[in-house]
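Please treat every number below as a calculation from the coordinates, not as lab data. The shown structure was predicted, so the numbers you read here are calculated from the model rather than taken from an experiment. Neighbour counts are summed over all protein chains in view; Cβ atoms, including those assigned to glycine, are modelled from backbone coordinates with ideal geometry.
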Amino acid sequence: MQSHAEVLNFLENNPPPPSCHHRLPVISIAPQSLASLAASLSSSSSQPVSLSQVLRRVSVFCRDVLGFAHVYDTTFARHISLLEHAKEFAERKSGNGKLPMLASACPGWVCYAEKTHGEMLPFISQTKSPQQVMGTLVKEWLGAKWGKTPDQIYHVTVMPCYDKKLEASRQDFYNEAYATRDVDCVITTGELQLLMQDKGWDLSIPVPDENVPRLPPLELAPAGDAADPDAFPELLMHPGTSSGSYLQSLISTIVSSAPDPGTLELTTKTVRSADYEEFTLTHRETGQVVFRGAKCYGFRNLQNVVRKVGRDAGVQVGRGAAGRLAGVRGKVVRKGAAQEDKGYDYVEVMACPSGCVNGGGQLRPVQAEKQLADAEGFSRDWQESGVSLGAEESLPAAPISAKWGDREWTKKVEAAYWRTLPTPPPTPPADGKPSGSVSPFEYADEYAGRVLREMTKAAPVEGKVEWTTKLDDAAESRRQRLFRTQYRAVESEVVGLAVKW
Ligand code: SF4
């Protein structure tokens, strides 16, 4: 289940369109997966390959070879996740929910908390991850545009880790009415590569027009201009971290909504390594700490954060790896504690060291084998021995299994993730006047407002709908169902064994 073999099996057995049993195949690819493929291609090429070029080549493969009807990246879904996430943080800040808010996009972390630290669940953001927002967009928003019900679409995602398969199979993401999941099958980056190998597709070969910007979505193009009815805002590389920029986007929202943004100063502090850093927003004149957040990646750091959150919030920490502090109750505040002791407001938690670019489903480095065995089985570097191999004699690069978490390789994937994109497509403003200077994020905000209004069937409001717009009660309740989820503590067998009779 949930493998590249399942995808092939589905596609081979999917009856063609006139059949009432045909399901429209759609595939959505995470930007970290594109970065992994780009790093792999760039390491064996003199020209670096951009995410946009990889997306074009993968799109042609998925459409022309596999038969997918639509191919997307998941960054617009992430944009919506970030908007909803900021809204949820504001709600908690105003007293409706617990702080600090902890990121929820990493199923490795969420599953760990559900099994080991049930006391952390009220702190975990209820906003759906980009994968699951994409599931909602494909099955409900795009599906409605295509005249399809959710069960008439087969949605595959390509993700950097295996834990995303668990996330997609959660009960909350199962549509009872149509007996279908928002994401039907998750494959890893490595499994996508296997699919390409199976079909003999060479991703290093450019495809026609791979550097030509895509057309804007129909809804945002001025009347009469070329547009793509199925387009989404594409490759939105949110500044911050390659694991989703949750913390950075929250900081940007807080600064931009402050009465006088110029009075706020952001400082950063490395706690242990680049995987555990603190970010503090301080009022320049009063010295008051307005916001304190942290980025915390990898299980070891995560355990420290669980302890800190438990201590600051006065919550008894469960008997997991952080169990040594079990029994601590009530917040202990030192007399005269300085502003810098203020607890966190938010933590961007990710289970993998270095975050999603280093997920367990990503590609491993590919290097040419230098030591080739001779006829007697002895290793020899022929070129170093002065033997010149002709083009047809030189052996293709062979994968060397590098251990997971190879730092040099992770840095290359990170660099590929941030590599400069081609100029974003000119994005006309909603009033139809050409400007060419609308940022891709303004364009995505505009589009997200339309998605929100139409998906929630909101009653008309004055002015245009933005993500922060307060909608009527029925629409707000639909927003909750569409873009939020919930968590449950899982009874651990280990804890059961510890019970004294
Ligand atoms: S941090 Fe690792 S486990 Fe978590 S979502 Fe990213 S790749 Fe998956």
So if I restrict to the alpha-carbon atoms in segment 157-257, what is the Rg, and what is Dmax, the biggest pairwise distance, in Å? 18.6, 51
Which order do the peptides 192-203, 21-32 come out in when sorted by mean C-beta neighbours inside 10 angstrom, highest first? 21-32, 192-203
Expected sort for 440-447, 182-189 on mean C-beta neighbours within 10 Å, highest first, is 182-189, 440-447
Proxy reagent accessibility, fewest Cβ within 10 Å first, across Arg57, Arg481: Arg481, Arg57
Taking 21 Å as the cut-off for C-alpha to C-alpha distance, list the pairs among Lys93/Lys128; Lys93/Lys165; Lys128/Lys164 that go past it. Lys93/Lys165
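What is the magnitude of the charge dipole of segment 179-218 about its Cα centre, with +1 placed on the Cβ of each Lys and Arg, -1 on the Cβ of each Asp and Glu, and no other charges, expressed in debye to the nearest 20?
Values: 3 positive and 7 negative charges, 18 e Å.
For this selection, approximately 80 debye.
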Exposure proxy order (Cβ contacts within 10 Å, fewest to most) of Leu121, Leu247: Leu121, Leu247
What is the distance in Å between the Cα centroid of segment 258-299 and that of segment 11-63? 38 Å
Express in whole angstrom the spacing between the alpha-carbon centres of segment 438-475 and segment 122-168. 20 Å
Interatomic Cα distance distribution for segment 104-151, bins of 5 angstrom, percent: 5, 20, 21, 14, 12, 12, 10, 5, 2
Scaled radius of gyration (Cα, divided by 2.2 N^0.38 Å) that segment 133-209 gives: 1.30
Label-point separation, Glu6 to Asp260 (7 Å along Cα→Cβ), nm: 5.6 nm
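Based on other C-beta atoms within 10 Å, arrange Ser354, Ser36, Ser243, Ser204 from fewest to most.
Details: Ser354 22, Ser36 33, Ser243 25, Ser204 11.
If I rank by nearby Cβ atoms, fewest first, I get Ser204, Ser354, Ser243, Ser36.
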